[in-house]
Amino acid sequence: MPARLGVDIGGTFTDLVLVDERTGALRVGKVLTTAKDPAHGVEQGIHGLLDESRVAAREVRATVHGTTLATNALIERKGARTALLTTAGFRDALEIRREGRYDMYDIFIDPPAPLVPRHLRREVDERLLADGPVLRHLDEAGARRVIAGLVADGVEAIAICLLHAYVNPAHERRLAELAAEIAPGIPVSCSSDVVPEIREYERASTTTANVYVVPLMARYLEDLERRLTELDIPGQLYIMQSSGGIVLPREARRFPIRLVESGPAAGAIAAARAARDRGESRLLSFDMGGTTAKACVIDDGAPLVAREFEVARADRFKKGSGMPVRVPVIEMIEIGAGGGSIARVDRMGLLKVGPDSAGADPGPACYNLGGRLPTVTDADLLLGYLDAEFFLGGRMRLDREAARRAIEEHVASPLGLDVIAAAWGIHRVVNENMAAAARIHGIERGRDLRSYPLFAFGGAGPVHCWQVARVLRVPRILLPFGAGTISAYGLLSAPLAFDFVRTHRERLDTADWPTLNRLFAEMESEGRALLARAGVRETDVRVARVAEMRYLGQGHEVEATVPAGALSTASLDAMTSSFESAYRALYHRLPQGVPIEALNWRVTVAGPAPDVRLSGATRIGGAVGGDATSPPTSINKAVKTRRKAYFAEAAGFVDTPVYDRYALPPGFEFEGPAIVEERESTAVLGPGARCRVDERSTIIVEMPA
């Protein structure tokens with residue numbers, strides 16, 4: 001069973017990648033996402049890809065899946081009817097939030113309502129002290145009445161978040177036992193299991209969000225496993241987490257909140273793999289699909305990791321306006337719109353693009369599936385960047401006239417522009433917004449993006465990468481083979497991994513080292529047991545340890561590495577040095593004479609990353625173009641056609657060669673302006689671009705000085 005299958009569900013398209021592990025041969029597929037029944041689209045895509053590849057289903061030894069289903073359920077409020085059990089006096093923590101305003105000058109702020117309405121937030125009588133001892137024992141009789149009342153109110157899921165349960169989980173676990181006894185079949189999530197760390201609001205928000213999507217994800221994963229069985233695929237199903245590791249369905253059903261960014265995380269993993277393979281110390285991942293565009297900073301071959309993420313923001317680009325989810329997540333910033341994002345003229349007469357998206361249904365106007373509003377894809381089609389007859393390799397014909405009508409009616413006429421000027425305006429607004437957001441993200445992390453090559457992928461990423469790169473002034477662009485489905489490829493590069501955290505406040509200069517060693521031993525032991533159940537050998541397990549530290553009296557932490565092995569006073573210098581390096585990178589100075597304290601201690605336990613390498617000599621492009629076994633002997637043989645494409649640098653349309661991506665062998669060189677087409681994406685490269693294909697079939701684009 002030599003094949004591995006990656007499946008990534010996006011807002012508009014579902015991407016698939018099939019890799020033969022013996023030869024490195026690659027097959028890619030892309031189908032429209034079936035939003036009402038995502039598993040149906042996955043089944044269709046797998047069936048079609050296997051047929052096209054002439055690979056028997058029994059040869060697939062593993063399927064790795066990334067999905068935005070949990071995220072969409074939270075955004076659209078389509079999860080379970082959820083209740084929250086809290087310590088008496090704390091039922092409103094979920095609604096009080098952090099008490100701050102994410103925009104102090106906006107008097108019309110309307111933060112998202114809690115997932116649990118107040119009448120389903122119930123109190124139980126109990127109380128723990130901050131360091132864990134019981135101040136008031138749990139009133140079990142009262143708790144039984146509360147749970148029975150919730151059952152009578154028709155709740156479908158129960159979250160439990162008691163004060164200081166991250167230190168002592170006894171009362172939460174007893175409540176979970178009572179719930180299982182009184183309401184069997186109703187899923188329960190305890191904060192001490194989901195996010196056992198300090199900060200009340202974030203803990204409650206994460207726990208309720210987790211159990212809110214448990215029933216939905218359980219049904220979906222059971223359905224997907226059934227469909228894979230019916231397709232006669234014998235291999236194990238794995239699910240991508242937001243942190244970049246994969247887990248078995250059992251763990252995914254228990255902690256679905258860890259999947260909120262699973263699809264985009266896979267793209268960042270692919271970018272990080274590309275950085276390591278090429279020996280690049282840094283890279284800027286640029287993923288633009290049908291709904292959104294995201295950026296991720298890659299340093300030393302690894303993406304930055306954050307410990308908190310916001311879902312369902314009231315204002316898409318304003319931190320604090322959404323629902324905080326306290327789980328490890330590859331740090332990506334949403335920097336703009338996607339190909340299906342809708343363009344409009346606002347009441348001030350300004351051109352805006354997004355955040356609303358046409359998605360897959362009804363889709364952009366040019367899809368001819370019922371959409372009537374202009375989108376980024378419509379603009380790209382009119383500018384000559386896309387071939388109406390070759391979208392998805394010719395499986396989907398685009399309607400140029402429908403795109404023209406939509407842009408004329410909704411953008412060009414209101415602004416008094418001709419259609420091409422309006423289309424260029426849409427394209428440029430998107431690019432400028434994405435570049436500006438990416439630059440700010442880099443500045444906030446202390447990075448100068450002018451030294452970061454741009455790794456562009458996604459269905460729309462290669463179309464927009466040239467203009468984004470020009471604004472950011474990056475040195476070069478990397479365009480991977482199969483760019484339109486690279487997130488699905490990233491799924492196949494991810495290791496089995498689990499993350500654990502414990503809150504334990506300690507000053508480093510007076511640390512209780514035996515207690516810290518016990519905490520780390522507990523987390524490592526739990527992680528190793530999970531990996532063992534998944535079939536990972538003990539000798540293949542890798543353990544990484546970090547701590548969230550701060551100077552005494554500060555309110556926020558900085559993450560620093562913790563050395564391996566038993567900790568002792570001898571570990572103090574290494575931990576202090578790691579913290580000071582991270583702190584200086586952010587703030588460029590260090591306070592003097594202030595003690596350092598650590599708050600949260602974290603462990604990541606991972607198996608080996610699969611060694612999935614694509615072979616340039618046997619890569620397969622799908623139903624069109626052929627493969628690299630018959631490389632072209634001249635540029636004329638690589639150019640499939642020519643068409644007019646709009647380049648502002650040339651002040652208009654330019655007769656542009658269109659290259660067949662599948663006919664470009666390693667070592668091939670060409671210059672811009674140029675368009676490079678493959679079945680799932682199109683790269684648009686402007687005048688002055690100097691391009692070559694490397695041994696991994698990646699197009700390296702050197703930017704003009």
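Brief remarks on what is shown
- Tail weight of P(r) past 23 Å, computed on alpha-carbon pairs of region 367-492, percent: 42
- Span per principal axis, largest first, for the Cα atoms of region 81-186 (Å): 48, 36, 18
- Over region 377-437: Rg over Rh, Cα atoms, Kirkwood Rh: 1.03
- Total formal charge among the other residues, if their Cβ is under 10 angstrom from that of Gly301, Lys/Arg +1 and Asp/Glu -1: 0
- Ranked Ser525, Ser243, criterion: other C-beta atoms within 10 Å, fewest first: Ser525, Ser243
- Linear extension gain, Lys36 paired with Ala650, 0.36 nm per residue minus alpha-carbon span: 216.6 nm
- Available extension along the chain between Ala574 and Ile443 is 44.4 nm, counting 0.36 nm per residue and deducting the alpha carbon span.
- Pairs of Cα atoms nearer than 8 Å and 6+ residues apart set the relative contact order; for region 497-606 it is 48 percent.
- Whole-number percent relative contact order across the chain, with pairs defined as alpha carbons under 8 Å at least 6 apart: 13
- Ranked list, fewest to most other Cβ atoms within 10 Å of each Cβ, for Thr485, Thr34, Thr67: Thr34, Thr67, Thr485
- Here r is the Cβ-Cβ distance between Asp92 and Ile182 and R0 is 22 Å; the resulting FRET efficiency, rounded to 0.05, is 0.35.
- Fewest-first ordering of Glu140, Glu678 by other beta carbons within 10 Å of each residue's beta carbon gives Glu140, Glu678.
- Considering all C-alpha pairs of region 635-702, those separated by over 16 Å amount to 43%.
- Calculated SAXS-style log₁₀ I(q)/I(0) at q = 0.20, 0.23, 0.24 Å⁻¹ - region 184-281, Debye, Cα scatterers: -1.03, -1.17, -1.21
- Note that region 341-424, at 25 °C in a medium of 0.890 mPa s, gets a Stokes-Einstein diffusion coefficient of 195 µm²/s from its Kirkwood radius over C-alpha pairs.
- For region 497-606, convex hull volume per residue from C-alpha positions, Å³: 100
- Once the gyration tensor of the Cα atoms in region 281-337 is diagonalised, the equivalent ellipsoid follows with semi-axes of 21, 16, 8 Å, ordered largest first.
- Packing-based ranking of 308-314, 15-21 yields 15-21, 308-314, ordered from highest to lowest mean Cβ neighbour count within 10 Å.
- Taking every DSSP beta bridge that has both ends in the chain, the antiparallel portion is near 75%.
- Computed about its Cα centre, the charge dipole of region 255-345 is approximately 200 debye, with only Lys, Arg, Asp and Glu carrying charge at their Cβ.
- Backbone N under 18 Å from the Asp315 label point (7 Å along Cα→Cβ), restricted to region 92-111: 97-111
- Zero-based 10 Å bins, Cα pair distances in the chain, whole percents: 3, 14, 24, 26, 19, 10, 4, 0, 0
- Nearest-20 debye value, region 497-606 charge dipole, Cβ charges on Lys, Arg, Asp, Glu: 140
No lab work stands behind these numbers, since they all come straight from the coordinates. Only a predicted model underlies this, so the values are computations on that prediction, with no experimental measurement involved. All Cβ positions, glycine included, derive from the backbone under ideal geometry; neighbour counts span all protein chains shown.
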